[in-house]
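> Quick one: this structure, given as structure tokens, is what I'll be asking you about.
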Amino acid sequence: MLSKKNQVKIIAVLEHKNYKSFQDNFIAYPTDTKTVSSLVKLANKFNFNIATVGSGSTFNSSANFDNILYLSTAKLNNIIEIDMQNLFINVGTGMIWSNLFNDLNEKSMFFPLLHEKDCGRTLGGIFSTLKPFSSAATYFKGIEFVSPTGEIINYGCKTLKNVAGYDLSQFMLGSFGKFGIITSVLMKLFPTEKTFFTCDTIFDSCLSDTSSIESALLSRIKKNIDPSKVFV
Ligand SMILES: Cc1cc2nc3c(=O)[nH]c(=O)nc-3n(C[C@H](O)[C@H](O)[C@H](O)COP(=O)(O)OP(=O)(O)OC[C@H]3O[C@@H](n4cnc5c(N)ncnc54)[C@H](O)[C@@H]3O)c2cc1C
């Protein structure tokens with residue numbers, strides 16, 4: 001459970017709204033990236049941890065961990081920009097995938113990742129558990145995320161090929177929220193489904209356990225990027 005003192009500080013950052021206690025867990029629902037950044041800086045200053053939650057389908061609801069703030073992306077669910085000319089869309093990671101997919105369909109646009117009926121999973125949860133070499137991974141072209149120090153980082157642009165420096169989108173993809181909180185994602189769209197011979201489903205494209213993120217290499221990177229282990 002988070003200490004009462006830290007809960008009071010978090011509630012102040014959230015301006016006394018968009019939070020709830022559930023069992024012994026405390027959940028914050030920030031509505032913008034600046035607030036996410038302030039919460040991460042608070043976690044660094046007052047030594048508590050943050051677990052980012054999309055729809056929570058991979059979380060064990062009975063588990064409760066000490067000193068953790070659950071940060072829900074549910075209110076980071078807006079379409080930031082849709083570029084019909086160049087076929088790109090920039091979306092908040094709290095967006096429910098099936099809603100976005102259907103919305104795009106109505107606009108005769110498509111993204112190559114199929115979902116099961118009534119799939120409540122979020123864009124952020126899918127992106128953060130996506131298999132790096134899945135066919136859909138290629139079409140994520142940019143991200144905005146909050147680093148373990150609370151810095152807001154924007155990476156990527158509306159081009160199919162972007163070789164400027166290390167591809168942070170592909171680095172953060174499939175990282176289970178261990179290196180940062182992803183607040184929005186830039187995706188390449190296509191005129192219709194017919195553009196593709198086959199399309200993978202979320203089930204095929206997402207990792208179904210966390211073994212990949214527990215590798216020696218990624219643990220070493222985690223130690224360097226997030227030495228105080230803010231993100232769990
Ligand atoms: C253990 C496990 C079991 C699965 N079982 C199934 C299954 O039976 N059927 C199926 O179709 N799919 C399954 N999947 C795949 C699952 O559908 C995808 O992982 C899905 O994308 C989860 O979406 P969510 O919104 O519920 O994410 P969540 O469960 O909320 O989060 C998944 C992970 O991503 C991180 N995360 C979420 N949002 C963000 C963000 N904005 N920034 C940074 N990190 C973030 C979380 O911290 C967590 O580590 C499973 C995955 C796992 C890991």
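The values are calculated or read from the model by the stated rules, or taken from the named source; none is laboratory data. Treat the numbers as computed from the prediction; the structure is a model and nothing was measured. Cβ placement follows ideal geometry from the backbone for every residue including glycine, while neighbour counts extend to all protein chains displayed. SASA here: full protein model, heavy atoms, side chains in, ligands and nucleic acids out. Shrake-Rupley method; radii C 1.70, N 1.55, O 1.52, S 1.80 Å.
> How many angstrom separate the Cα center of the range 1-47 from the Cα center of the range 214-232?
For the range 1-47 versus the range 214-232, the Cα centre distance is 23 Å.
> Another question, then. Taking a threshold of 18 Å on the Cα-Cα distance, which of the pairs 41/229; 75/158; 9/34 fall above it?
Cα-Cα > 18 Å for 75/158; rest within.
> Enumerate the amide H contacts of residue 76 below 5 Å, restricted to partners 5 or more residues apart or on another chain; note that Pro and chain-start residues carry no placed amide H.
Under 5 Å from the amide H of residue 76: 94.
> Another question, then. Return the long-range amide H neighbours of residue 201 (sequence gap of 5 or more, or a different chain), with a cut-off of under 5 Å between placed amide H atoms.
Hits under the 5 Å cutoff: 114.
> What ³J(HN,Hα) values, in whole Hz, does the Karplus curve 6.51 cos²θ - 1.76 cosθ + 1.60 give for the range 120-126 when θ = phi - 60°, with x put for Gly and Pro?
Calculated HN-Hα couplings, in order: x, 6, 9, 4, x, x, 5 Hz.
> May I ask you to evaluate 6.51 cos²θ - 1.76 cosθ + 1.60, the Karplus curve with θ = phi - 60°, for each residue of the range 13-25 and list the ³J(HN,Hα) values in order in whole Hz, giving x for glycine and proline?
Here the 3J(HN,Hα) series is 4, 7, 6, 6, 8, 6, 8, 7, 9, 9, 6, 9, 9 Hz.
> What percentage of the solvent-accessible surface of the chain, computed with a 1.4 Å probe over protein heavy atoms, is contributed by carbon and sulfur atoms?
56
> In addition: Kindly state, to the nearest 0.05, the FRET efficiency for residue 190 paired with residue 59, given R0 = 45 Å and r defined as their beta-carbon distance.
Approximately 0.90, to the nearest 0.05.
> Measuring from label point to label point, each 7 Å out along Cα→Cβ, what is the residue 217 to residue 203 span in nm?
Placing both labels 7 Å along Cα→Cβ, they lie 3.0 nm apart.
> Here is a follow-up. Highest mean first, what order results for 77-89, 214-226 on Cβ atoms within 10 Å?
Ranking, from highest mean packing down: 77-89, 214-226.
> To continue, here is another question. Grab the DSSP H runs of the chain that are 4 residues or longer, score each as -39,500 (n - 2.57), total them, divide by all residues and round the 222 nm result to the nearest 500 deg cm²/dmol.
Rounded to the nearest 500, the figure is -7000 deg cm²/dmol.
> Taking the chain as the reference, fit the longest principal axis to its C-alpha atoms, fit the long axis of helix 216-225 to the helix C-alpha atoms, and give the angle between the two in degrees, 0 to 90, nearest 10.
Approximately 70 degrees, to the nearest 10.
> Suppose all protein chains stay in the model; what accessible area per residue would a 1.4 Å probe give for the chain, in Å²?
Accessible surface, normalised per residue, equals 51 Å².
> Further question on the same structure: Could you give the semi-axes, largest first, of the ellipsoid that matches the chain, computed as the square roots of 5 times the alpha carbon gyration tensor eigenvalues and rounded to whole Å?
30, 19, 17
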